[in-house]
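Let me begin by presenting the structure, written as structure tokens, before commenting on it.
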Amino acid sequence: MRYPRDFLIKNFGFACPGQNNILSLPPFFEPESLFMKKITFILFFLTGFTITYAQLPDSSTFLLHKFAQNIGKEKYTLSRNGDIVTYTVDLKFTDRGTPVPLTAKMQLTAAFEPVAFTINGKTSRMSTINDSVVIHQNKADIKVDNSITSQPLPPIRFPIAGYSPGTAQMLLLQYWKKHHRPATVSILPSGMVHIKKDGEDTLLFNNNTLVLERYVISGLIWGNEFLWTDASGQLFCLITNDAEGDKLEMMLEPYEPLLPVLINKAAAYGMRLFTANANPSYEKHDVIAITGGTILDVENNRSISNGVVLIKAGKITKVGAANNVALPAGAYVINAKGKTVLPGLWDMHAHFEQAEWGPAYLAAGVTTVRDCGNEFEYINAVQQAIDKGNGIGPHILKAGIIDGNGPYALGVIRANTREEAIKAVQRYKENGFHQIKIYSSVKPEIVKEICTEAHRSGLTVSGHIPIGMTLQQGVDSGMDQVNHITFVNAVLKKNKDGLIDFSDSSNVAVFNYLKAHHVVIDPTLGVYEMILRSVKDSITKLEPAFASLPQPLKPLFINTGAANDSLAERGRLFMKNFKQIVYHLYIDSIRIVAGTDMGFPGFSVYREMELYVESGLTPIQALQTATIVPARVMNMEISSGSISPGKRADIIITDGNPLQNISNIRHVVTVIKDGNIYNPAHLHHLAGFQ
């Protein structure tokens, strides 16, 4: 996750430069600093090593990548002392200015049985680990944080958990092979993984042909990991997600140039797995009639009781009251009596980091997302798979990320000169991107060059306000839209109590400026609520369906927040300000659009709208921020955003009426995308929800 941090740095005294870029997560977020507890338990206990079984090298180095950018290395070395084999792992990367070091030692026998291990360091910018395991004859003593437990050993077991370095998955795979490829492997301290060989890929490198075995591992993290090895079992590439939910790739050092090829393949294979298991994923009918429900007209702020929506060939053909619309012969009828019929939802701040986001979004009724920055090859492959029917997911509008060189830089698409700015924009334009996203390290003079070229090419510009610039300077340079409410908060005057006086002339001037320049804001209130909440509060206050989330995701959310009462109180002050800003943006006719910046997959768009209502918007106004308003700001109102004749049949049906209680939006029972009818429960099952 790319947590915004400008207000945190300014108000909590981080010793980090650049208050207006995304969280580099300094010590304030570490458990020792009381803001962030460890969010995942990683056990690196690697099973035994038998030379006659697999000739793995005694040492290897893997290059680590995020957003396809080389950010560090993982190296293991092997040593032997009698019957004991020790793997020593040294991992370190730097993610947007924050070092993430990790060391581990694993002892095992030549018979592939564990003996002991230690592991110490950081697993992401936001999480740390300092654990140990001792294996006895039929039990394991496990120390996690300050908790020590003992548990019996299952017959087939491997001590590992999600978000671990590639060496762990490599030896897990060896263990699986050694034990005759069982259907499942129990993992310590809890859980179960599934491993299968998914095929082979033949690549060309330096005029040499490489034949790689491709495996899928599920159960360690949310969703599937793709792992390639050579014939001996040596790890070649691992494509996974890190403990922040971002994509992370590990590549055997000499072969780094092949990473874009494997990123592309992983995206296609991941989407293919869903279509293979869908059986099928949707119902398809040429003519559909939705009858008996209350239709919400988000364009005209009205409802149609006992309404009818007719759909033909994926398009809406007619909308009206039942006594005014005749049902065509042979139409497939969806009875929506007692239910509410709404346009499909938009998430205007998505990061489609893995294939599982596709069915998770659709299950929540999100039929369109703006992907606000992703790996170039990956998001192109994912979008292509969905559009061709080879994957399951919403419509994707791509915002191509451009950053500049600097310690907080993200990704490999950089612009430090006018020529590089033009080249980057044109690359995105030629590959079907709708928008450019400015990131935090772009130099002020280059922001203007990017915006000029984007506008010349018919693209709008969104993003962060880069380090060293104010919101007004970003907009003056050509930015049309701004991600995150904190960039507005940063330019507003506060009183001695930290509150905003919205009648203050300087603050009035800010809102007048935004209105005059037609700036669009996606506040992402939900992500701030998550990181500022007290960890003493139940997570279900934010997400009532938390229990249904995939198990590997739960620790990422449960332990996120303020563990100190004073910090939690300060967080409540910020949330009060943020909600008031949203309200004043709205009443001053400054367009806001609902975006989540990931969060609870699919569900967070509900919470975003609930927070807007808590800010003072009416339910219909909140619904508009996730339907017709984003369609308008993305210049797609002709084809999307409301239930109107001629538009795409992107529709959801809910139990209960969100106009009476915005939380009724959570009760989605039917999703229609392009006229195809989806069952949310089936989609959630595909995405690994419980």
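What follows is calculated from the coordinates using simple rules that are stated; it is not laboratory data. Because the structure is a prediction, the values reported are computed rather than measured. Glycine also receives a Cβ, built like all others from the backbone with ideal geometry; neighbour counts cover every protein chain displayed.
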### Query
In whole Å, how far is the Cα centre of region 76-142 from that of region 541-598?
35
### C-alpha long axis of helix 565-587 to longest principal axis of the chain, angle in °
30
### Task
Measure nothing fancy, just the Cα-based angle from helix 444-456's long axis to the longest principal axis of the chain, in degrees from 0 to 90, nearest 10.
60
#### Entry: Footprinting exposure proxy for Lys536, Lys554 (fewest neighbouring C-beta atoms within 10 Å first)
Lys536, Lys554
### Task
For an R0 of 22 angstrom, estimate the FRET efficiency from the Cβ-Cβ distance between Arg418 and Gln472 and round to the nearest 0.05.
0.45
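For n ≥ 4 DSSP H runs only, could you compute -39500 (n - 2.57) per run for the chain, divide by its residues and tell me the 222 nm figure to the nearest 500?
After summing the helix terms and dividing by residue count, I get -7500 deg cm²/dmol.
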## Note on the structure
Taking a crude spin-label model, label points 7 Å out from Cα along the C-beta direction, the Gln234 to His285 distance in nm is 5.8
### Task
Any chance you could run the full-extension gain for Asn306 through Glu569? It's 0.36 nm times the residue separation minus the Cα-Cα distance, nm to one decimal.
90.0 nm
### Task
Note down the nm distance, to one decimal, between modelled labels 7 Å out along Cα→Cβ at Lys73 and at Asn277.
3.7
### Task
Find the centroid of the Cα atoms in region 201-218 and in region 400-435, then give the distance between the two in whole Å.
30
### Message
Suppose the chain between Val508 and Asp655 were pulled fully straight at 0.36 nm per residue; how much longer would it get relative to their current alpha carbon spacing?
### Response
48.8 nm
### Query
What spacing in nm lies between the two simple spin-label points modelled at Ser538 and Ala321, each 7 Å away from Cα in the Cβ direction?
4.4
### Message
What three numbers, in Å, describe the spread of the alpha carbons of region 452-541 along their principal axes, ordered from the longest?
### Response
51, 32, 23
### Summary
Of the listed links Lys312/Lys429; Lys122/Lys265; Lys66/Lys515; Lys122/Lys197; Lys318/Lys398; Lys339/Lys673, those spanning more than 25 angstrom between alpha carbons are Lys312/Lys429; Lys122/Lys265; Lys66/Lys515; Lys122/Lys197; Lys318/Lys398
### Task
Give the order of Ser150, Ser503 when sorted by the count of other beta carbons within 10 angstrom, beginning with the fewest.
Ser503, Ser150
### Message
Sequence gap at least 6, Cα distance under 8 Å: using those rules, report the relative contact order of region 38-267 to the nearest whole percent.
### Response
19
### Query
Using the Cα gyration tensor of region 619-674, with a ≥ b ≥ c the square roots of its eigenvalues, what is the shape: rounded (a/c below 1.5), prolate (a/b larger than b/c) or oblate (neither)?
oblate
### Query
If you bin the C-alpha pair distances of the chain every 10 Å from 0, what whole percents do you get?
3, 15, 25, 26, 19, 10, 3, 0, 0
### Query
With the contact rule set at Cα under 8 Å and sequence spacing of 6 or more, what percent relative contact order holds for the chain?
14
### FRET efficiency estimate (nearest 0.05) - Cβ-Cβ, Ser59 to Asn405, R0 45 angstrom
0.90
### Query
Gln551 to Asn679: extension gain in nm, 0.36 nm per residue of separation minus the Cα-Cα distance?
43.9 nm
### Task
Could you please state, rounded to a whole Å, how far the C-alpha centre of region 623-690 is from the C-alpha centre of region 230-302?
20
### Task
For an R0 of 51 angstrom, estimate the FRET efficiency from the Cβ-Cβ distance between Ala110 and Asn207 and round to the nearest 0.05.
0.85
### Query
In nm², what is the average projected area of the convex hull enclosing the Cα atoms of region 399-632?
13.9
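What does the charge add up to near Glu543, with Lys and Arg as +1, Asp and Glu as -1, over the other residues with Cβ less than 13 Å from its Cβ?
Net charge in that neighbourhood comes out at +1.
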### Query
How would you rank Cys451, Cys372, going from fewest to most other Cβ atoms within 10 Å of each one's own Cβ?
Cys451, Cys372
### Summary
The answer for trypsin sites (Lys or Arg not before Pro) in region 247-339 that fall in a DSSP coil and have at most 15 neighbouring Cβ atoms within 10 Å is Lys337
### Task
Report, to the nearest 10°, how far helix 604-615 tilts away from the longest principal axis of the Cα atoms in the chain, using its own Cα long axis and a range of 0 to 90°.
50
